[in-house]
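One structure below.
The values are calculated or read from the model by the stated rules, or taken from the named source; none is laboratory data. Note that the coordinates shown come from a computational prediction; the quantities given were computed from them, not determined experimentally. In this analysis, Cβ positions are derived from the backbone assuming ideal geometry, glycine residues included, and neighbour counts consider all displayed protein chains. Just the protein is used for accessible areas: all its heavy atoms, side chains included, with ligands, DNA and RNA removed. Shrake-Rupley method; radii C 1.70, N 1.55, O 1.52, S 1.80 Å.
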Amino acid sequence: MAAVDDRTDGAARGGLGTVRNAVALLELLSEGPAYQQLTDLAERSTFSIPTVHRLLRSLVLADLVVQDPRSSRYALGPELTRLSSHYLARLPLLGALTPYLTQLRDQLGATVHVQTLVRGEVVYVDRVDGDDRGPYRDTHRVHCALETAGGRLLAARADGDEWRRAVDLADDPLAALARDCQQAWAAADHLALTPDDPMLPAEVAVPVLDGEGETVAALAANVEDAGDEAVVARVAAHLSRAARAAGRTLGHA
């Protein structure tokens, strides 16, 4: 991530510039190892070491960042979890979809997800586990958007900046595939995908549209075989009915 040293950029001193730079550090801390050195953060951000140290001290005081007393390295802090929980609790999208998730799980016998697109990544903001989840619970809640069926739907329907972020996060073969398939993905009423990553389940996903016809999320369900057209059609039909019903609720919000 490229950033401007706030010693040389007058617009970056105080106010919005300080907030922008603090957010840049939080973004860097979300990448790579859990705990990171101040000098590494300074190098990656292109900020000066005093600037990074000053910003990190403020973030530590707010519990947005924590510092390991033994190694003096920095990591994301617990306050982010609290803020995220409050954000999700107030999200109209989840209020609209929640009544349908357990019903879908029971109908399909599968885990059901609600996915949103944030900065080129798909974020699993809600989920109801089905009998298919196996002995290990998947705790990963964020993935490269193009690695999932729901993420492909959302990225292809997003604006140009968000689409480019998603493509930039993908490896070269996947990025090339995405460029070739963008229009088809954007026009699709559902997508099915068996990811290359064995830790990710095969899934079928449909878009969730709000009252103005904007795509605000994807509703997805795990499937054993994303290549079985009959299974995919059945799962997509159930998901689409729930997505339309939730969209009508969003339309009245």
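Select from segment 96-115 the residues that are over 11 Å from GLY130 (Cβ atoms) and among the polar types (S, T, N, Q) and write down the one among them that is most open to solvent (accessible area, probe 1.4 Å).
Across segment 96-115, the extreme among qualifying residues is GLN103.
For ALA149, are the conditions met, namely being farther than 23 Å from THR18 by Cβ, crowded, with 18+ Cβ neighbours inside 10 Å, more than 19 Å from the chain's Cα centre (by Cα) and small (Gly, Ala, Ser)?
no
Would you pick out the residues in segment 189-213 that are over 18 Å from the mean Cα position of the chain (by Cα) and surrounded by fewer than 19 Cβ atoms within 10 Å (Cβ to Cβ)?
ASP189, THR194, ASP196, PRO198, GLY211, GLU212, GLY213 - these are the residues of segment 189-213 that are over 18 Å from the mean Cα position of the chain (by Cα) and surrounded by fewer than 19 Cβ atoms within 10 Å (Cβ to Cβ).
Check ALA166, ALA145 and return the single one that is within 25 Å of ALA236 (Cβ to Cβ) and at pLDDT 95 or above.
Being within 25 Å of ALA236 (Cβ to Cβ) and at pLDDT 95 or above holds for just one of ALA166, ALA145, which is ALA166.
Any residue at all in segment 147-161 that is without any contact (Cβ under 8 Å) to a residue 40 or more places away in the chain and of a type in the set (Lys, Arg)?
no
List every residue pair whose Cβ atoms lie under 8 Å apart, where the two residues are 6 or more positions apart in sequence or sit on different chains, the first residue falls within segment 69-86 and is open to solvent by less than 70 Å² (accessible area, probe 1.4 Å), and the second residue, located anywhere, is outside any helix (DSSP H, G or I) and charged (D, E, K, R).
Here the result reads TYR74/ASP68; ALA75/ASP68; GLY77/ASP63; GLU79/ASP63, each pair linking segment 69-86 to a residue that is outside any helix (DSSP H, G or I) and charged (D, E, K, R).
Restricting the search to segment 59-68, which residues are out of contact with any helix residue (DSSP H, G or I) (no Cβ under 7 Å at 6 or more places or on another chain) and either closer than 11 Å to ASN21 by Cβ or open to solvent by 80 Å² or more (accessible area, probe 1.4 Å) (or both)?
Scanning segment 59-68 gives a single hit, LEU61.
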